[in-house]
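What follows is a single structure, written as structure tokens, with notes after it.
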Amino acid sequence: MLYDALIGPFTEFEFMRRALAAVIALALAGAPIGVFLMLRRMSLVGDAMAHAILPGAAVGFLLSGLNLFAMTAGGLIAGFAVAILAGVVARSTGLKEDASLATFYLASLALGVTIVSIKGTNIDLLHVLFGNILAMDDQTLLVVAFNATVTLLVLAVIYRPLVIESVDPLFLRTVSRAGGPAHLAFLALVVINLVNGFQALGTLLAVGLMILPAGIARFWSRDLTAMICIAVVAAAISGYAGLVLSFQTRVPSGPAIILVATVIYVVSVLFGRVGGIVRQMFPGRHLEA
Amino acid sequence: MAALHFHNVTLGYDRHPAVHHLSGEVARGALVAVIGPNGAGKSTLLRGIVGILKPLDGSIHLGGLDARDIAYLPQSAEIDRSFPISVFDFVGTGLWRATSLFGGIGKAARGKILRAIASVGLNGFENRPIGTLSGGQMQRVLFARVLLQDASLIVLDEPFNAIDAKTTADLLALVKQWHNEGRTVLAALHDMEMVRNHFSETLVLARGPVAWGPTADVLTPENLLVAMRMCEAFDDSAAACAADDISSRAA
């Protein structure tokens, strides 16, 4: 009975296996990026960027219909353009990065929705906005896995400057020129993972599998390595449980995954070891030293 | 052999000078105090030396030093204290010159980091997140990192602000140790007593050099009065500096 509910769908249906492989790849690459987004106070930047991808994906859709390859390529181009433009504007003027991003992403979102509605139907628009992880073909799955691999490799290369730039940017500037390139590479990784998530969850929810696990991890550890591990596990569990939920109840898969993550998040906020609400209300007797 | 050479340096923001027409040399191994009222341009000058701020005019020569041979302790470091990093790892970033992007932190390096933490009196703090430290402890951590940077030029911007007497004494001992090791040390300071007792050379700054030389000669009531009278405000309608024309014509 339990087997039928929890494992059966994956042994029985290939599209469920593909979907599971996809969410695990998304969790492995996206969650660490999410942790850095959160620690660098860029959570909303990630969200803004997700919208920025839309016009590119929409142009891809306009040119070749619901072809995920074309939409991915378009999304990457648009995402990089906005990320780099916003980064350059922020670094060369006094404007904060979030302010310049807000401008770019609002323009992008408006443009994207306009382009999709010129040619497509409301169903197409829904697909673009919320994704469909159950419709993954081999090619798409390979693209997702490839992007995840690239992400982890690049993250390993820029890890040290990225960490130091997050803690003490001025220090990094005095010892090395790696700060700027590391920051731009990080923004590029954010875009790659948003496009990745875009296949599964759509533009509006893609950032969810990055930010929610990071938020969850913050309530369970004070150590960066541990936070990254917890975030990956939380993202993978949300993905798996979301797929099962979606299979059993016919809730759309993307929202189901994000809803599961939200439930874990709420539990973490309440009972987390680090700053959870219950822990704060009943901290126990104070220590001797 | 000079560690630092200023050629008619003007530093500032948005074309407005904060330090005007400074020329002079800092000898290798010198221990220099930079004093002056708030807004005199002390921090600006130090930022210029470490290369964060490009001079509006003139130039600063580092005597063959690489930017990485300079350790800089800013006044209010933009440190994100909420970032989950331990004292050990944070101090360890001081080894950047040796490890860079991929260099491993081996047994010898770990020993160095532990010794640096011990020599600022923070034994037992290695695994504490930096967010749990007090202001004075954080300043000790920053000194430990400077220690690890093993730099031949050390630039400290008001390193003893809001620090208690005990911590100040400990950290001042480190500064003297650096001086004895032959490193060049520049420090922006406010405590005249300390400057008089511990720093051999002093630069009095008030948006431009007022006096520069041996502390006993420079730290006079007259010079300090001149520095105090300095005008702080930018003049938005200021004309282009005439002194530049004169010096360029002379050249």
Q | A:Arg250 vs. criteria at pLDDT below 90, of a type in the set (D, E, K, R) and either under 28 Å from A:Met136 (Cα atoms) or open to solvent by less than 20 Å² (accessible area, probe 1.4 Å) (or both) | A | yes
Q) When only residues in the range B:96-120 that are more than 10 Å from every other protein chain (Cβ to nearest Cβ) and open to solvent by less than 50 Å² (accessible area, probe 1.4 Å) count, which is modelled with the lowest pLDDT? A) B:Gly106
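Residue-wise test of (1) touching a helix residue (DSSP H, G or I) at 6+ places or on another chain (Cβ under 6 Å); (2) farther than 25 Å from A:Gly276 by Cα; (3) surrounded by fewer than 24 Cβ atoms within 10 Å (Cβ to Cβ).
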site	(1), (2), (3)
A:Asn193	yes, yes, no
A:Gly202	yes, yes, no
A:Leu205	yes, yes, yes
A:Ala217	yes, no, no
A:Arg222	no, no, yes
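Which residues, counting only those in the range B:177-189, are surrounded by 15 or more Cβ atoms within 10 Å (Cβ to Cβ) and in a loop (DSSP other than H, G, I, E, B)?
Restricting attention to the range B:177-189, the residues satisfying the condition of being surrounded by 15 or more Cβ atoms within 10 Å (Cβ to Cβ) are B:178-179, B:183-189.
Selection gives B:Arg183, B:Leu189.
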**Q.** Given (1) touching a Gly at 6+ places or on another chain (Cβ under 6 Å); (2) part of a loop (DSSP other than H, G, I, E, B); (3) open to solvent by less than 40 Å² (accessible area, probe 1.4 Å), index of the condition B:Gly63 fails
**A.** (1)
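Can you tell which of A:Leu26, A:Leu63, A:Leu37 is more than 14 Å from chain B (Cβ to nearest Cβ), assigned to a helix (DSSP H, G or I) and either touching a residue at least 60 places away in the same chain (Cβ under 8 Å) or under 13 Å from the mean Cα position of the chain (by Cα) (or both)? I'd like the intermediate steps shown before the answer.
Numbers: A:Leu63 fails: either touching a residue at least 60 places away in the same chain (Cβ under 8 Å) or under 13 Å from the mean Cα position of the chain (by Cα) (or both); A:Leu37 fails: more than 14 Å from chain B (Cβ to nearest Cβ).
Exactly one residue qualifies, and that residue is A:Leu26.
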Q) Exactly one of (1) of a type in the set (Gly, Ala, Ser); (2) modelled with pLDDT under 95; (3) closer than 23 Å to A:Met38 by Cα; (4) out of contact with any Leu (no Cβ under 8 Å at 6 or more places or on another chain) is unmet by A:Gly284. Its number? A) (3)
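Output the number of residues of the range A:269-289 satisfying the condition of being small (Gly, Ala, Ser) and more than 19 Å from A:Met227 (Cβ to Cβ). Outline the logic, then answer.
Taking the range A:269-289 and keeping what is small (Gly, Ala, Ser), we get A:272, A:275-276, A:284, A:289.
Within this subset, residues satisfying the condition of being more than 19 Å from A:Met227 (Cβ to Cβ) are A:284, A:289.
Summing the residues that are small (Gly, Ala, Ser) and more than 19 Å from A:Met227 (Cβ to Cβ) in the range A:269-289 gives 2.
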Q: Looking only at the range B:160-167, decide whether some residue is surrounded by fewer than 23 Cβ atoms within 10 Å (Cβ to Cβ), in contact with a strand residue (DSSP E or B) (Cβ under 9 Å, 6 or more places away or on another chain), under 29 Å from B:Leu189 (Cβ atoms) and away from every other protein chain (no Cβ under 14 Å).
A: yes
Q: With respect to A:Val150, determine if the residue is within 29 Å of B:Asp89 (Cβ to Cβ), open to solvent by less than 20 Å² (accessible area, probe 1.4 Å) and of a type in the set (Val, Ile, Thr).
A: no
Q: Give the number of residues within the range B:102-122 that are within 26 Å of the chain's Cα centre (by Cα) and over 21 Å from B:Val175 (Cβ atoms).
A: 2
Q: Could you grab me the full set of residues in the range B:72-95 that are more than 8 Å from chain A (Cβ to nearest Cβ) and either of a type in the set (A, V, I, L, M) or closer than 25 Å to B:Thr44 by Cα (or both)?
A: B:Leu73, B:Gln75, B:Ser76, B:Arg81, B:Val87, B:Val91, B:Gly94, B:Leu95
Q: Please verify whether the range B:126-133 includes one or more residues that are at pLDDT 90 or above, assigned to a loop (DSSP other than H, G, I, E, B) and open to solvent by 50 Å² or more (accessible area, probe 1.4 Å).
A: yes
Q. Using beta carbons and a limit of 9 Å, which pairs, at least six apart or on different chains, have the first residue in the range B:39-68 and within 12 Å of chain A (Cβ to nearest Cβ) and of a type in the set (S, T, N, Q) and the second one surrounded by fewer than 20 Cβ atoms within 10 Å (Cβ to Cβ) and in a helix (DSSP H, G or I)?
A. none
(Q) Need the failing condition index for A:Pro169 against (1) open to solvent by less than 30 Å² (accessible area, probe 1.4 Å); (2) of a type outside the set (Ser, Thr, Tyr); (3) within 14 Å of chain B (Cβ to nearest Cβ); (4) touching an Asp or Glu at 6+ places or on another chain (Cβ under 8 Å), just the number. (A) (1)
Q: Please state which of the following conditions A:Gly275 fails to meet, knowing it meets all the rest: (1) assigned to a helix (DSSP H, G or I); (2) within 14 Å of chain B (Cβ to nearest Cβ).
A: (1)
Q: Show the residue pairs that are 6+ apart or on different chains and have beta-carbon atoms under 7 Å apart, the first residue being within the range A:221-235 and closer than 17 Å to A:Leu162 by Cβ, the second being assigned to a loop (DSSP other than H, G, I, E, B).
A: A:Asp223/B:Pro84; A:Leu224/B:Pro84; A:Leu224/B:Ile85; A:Met227/A:Ser221; A:Met227/B:Pro84
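State yes or no: is B:Ala151 in contact with a helix residue (DSSP H, G or I) (Cβ under 7 Å, 6 or more places away or on another chain), outside any helix (DSSP H, G or I), surrounded by 20 or more Cβ atoms within 10 Å (Cβ to Cβ) and in contact (Cβ under 8 Å) with a residue 12 or more places away in the chain? Write out each step before concluding.
Details: in contact with a helix residue (DSSP H, G or I) (Cβ under 7 Å, 6 or more places away or on another chain): yes; outside any helix (DSSP H, G or I): yes; surrounded by 20 or more Cβ atoms within 10 Å (Cβ to Cβ): yes; in contact (Cβ under 8 Å) with a residue 12 or more places away in the chain: yes.
In short, yes.
The values are calculated or read from the model by the stated rules, or taken from the named source; none is laboratory data. Predicted model only: the values in this text are computed from it and were never measured. We place every Cβ from the backbone using ideal geometry, glycine too, and count neighbours over all the protein chains shown. Side chains are part of the model used for accessible areas, which takes the heavy atoms of the whole protein and leaves out ligands, DNA and RNA. Shrake-Rupley method; radii C 1.70, N 1.55, O 1.52, S 1.80 Å.
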